[in-house]
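Below: one structure, written as structure tokens.
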Amino acid sequence: MLMRRLVTAAAAAFLALGALPAVAQAQTGDPSFNLVNRSTRTIYEAYASLTTDQNWGQDRLGTNVVPAGRSFVVRLPQGPCMYDVRVVYDRQGGPAEERRNINLCNLTELAFDGRQAQQGGPGQQGGQAPQQQARPPQAGPSGNPSFNLVNQGRTTVMQVFASLTTENNWGPDRLGADTVAPGAVYPVRLPEGACMYDIRFVYDSGQPQERRNVNLCEITNITVPLQ
């Protein structure tokens with residue numbers, strides 16, 4: 001009887017292990033996709049990063065652009081499927097449009113039409129009005145607080161911190177291992193939701209600058225050094 005139980009337990013364990021690859025395969029695949037520009041603008045930058053990442057990473061277009069009505073194949077490594085995708089129109093630091101929590105393994109193309117591009121002003125960000133109307137009266141503004149850091153100074157920005165005004169610490173450096181050289185533009189990725197942030201920039205001289213109580217959902221670009 002004991003031997004029979006051991007054999008049964010071993011068989012159940014073997015079947016469970018055999019099922020694991022199928023479960024894992026359902027969550028992974030080829031997330032590469034065809035980026036289609038259905039707007040009237042040119043896409044100058046495109047970012048695709050895992051939903052678990054804290055920054056947007058590299059511009060997937062490199063030196064390429066995607067004119068209106070054209071497309072571009074974005075090649076991504078096989079593996080996890082859940083991505084956030086961001087495109088920037090017109091020029092560096094131009095209006096941006098994002099798609100969050102996209103299963104790229106389930107599609108072959110992802111189209112952007114520009115209708116939800118951030119314009120840098122309240123009421124101009126497409127698709128936000130219903131969320132604002134449904135917001136509880138006591139809640140603060142909500143939306144997409146991601147922004148472009150534009151370095152118009154003469155020194156490199158070494159660190160960027162952005163934390164909700166309700167938090168007690170600055171949290172992680174939003175640049176990670178990156179820096180922002182003079183004349184460069186860097187997209188700072190923040191989670192959709194609350195808009196009110198405190199931000200802190202640290203330059204290569206070690207000198208910091210801060211701005212408090214900023215509604216980042218109403219801003220497309222933040223230019224440093226701060227005035």
* **Residues that are open to solvent by less than 40 Å² (accessible area, probe 1.4 Å) and touching a residue at least 40 places away in the same chain (Cβ under 8 Å), drawn from the range 162-171** => 162
* Determine which single condition residue 55 fails, assuming it passes every other condition in (1) closer than 18 Å to residue 192 by Cα; (2) out of contact with any Lys or Arg (no Cβ under 6 Å at 6 or more places or on another chain). => (2)
* residue 39 versus (1) at pLDDT 90 or above; (2) open to solvent by 20 Å² or more (accessible area, probe 1.4 Å); (3) in a loop (DSSP other than H, G, I, E, B): which is the lone unmet condition? -> (2)
* Asked: Residue check: is residue 175 in contact with a Cys (Cβ under 9 Å, 6 or more places away or on another chain) and within 23 Å of residue 51 (Cα to Cα)?
  -> no
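For (1) free of Cβ contacts under 8 Å to residues at least 12 places away in the same chain; (2) surrounded by fewer than 17 Cβ atoms within 10 Å (Cβ to Cβ); (3) not hydroxyl-bearing (Ser, Thr, Tyr), each residue gets a yes or a no:
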residue: 143; (1), (2), (3): no, no, yes
residue: 147; (1), (2), (3): no, no, yes
residue: 152; (1), (2), (3): no, yes, yes
residue: 173; (1), (2), (3): no, no, yes
residue: 177; (1), (2), (3): yes, yes, yes
residue: 194; (1), (2), (3): no, no, yes
residue: 205; (1), (2), (3): no, yes, no
residue: 220; (1), (2), (3): no, no, no
* **Pick from the range 158-169, criterion under 19 Å from the mean Cα position of the chain (by Cα) and either at pLDDT below 90 or not β-branched (Val, Ile, Thr) (or both), ranking: farthest from residue 144 (Cα to Cα)** => 159
* To do: Would you please name the residue that is most open to solvent (accessible area, probe 1.4 Å), looking only at residues in the range 50-71 that are over 24 Å from residue 180 (Cβ atoms) and not in a strand (DSSP E or B)?
  => 70
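The values are calculated or read from the model by the stated rules, or taken from the named source; none is laboratory data. Everything quoted here is computed from the prediction, not taken from an experiment. Cβ: placed from backbone, ideal geometry, glycine included. Neighbour counts: every protein chain shown. These accessible areas exclude ligands, DNA and RNA; they are computed on the full protein's heavy atoms, side chains included. Shrake-Rupley method; radii C 1.70, N 1.55, O 1.52, S 1.80 Å.
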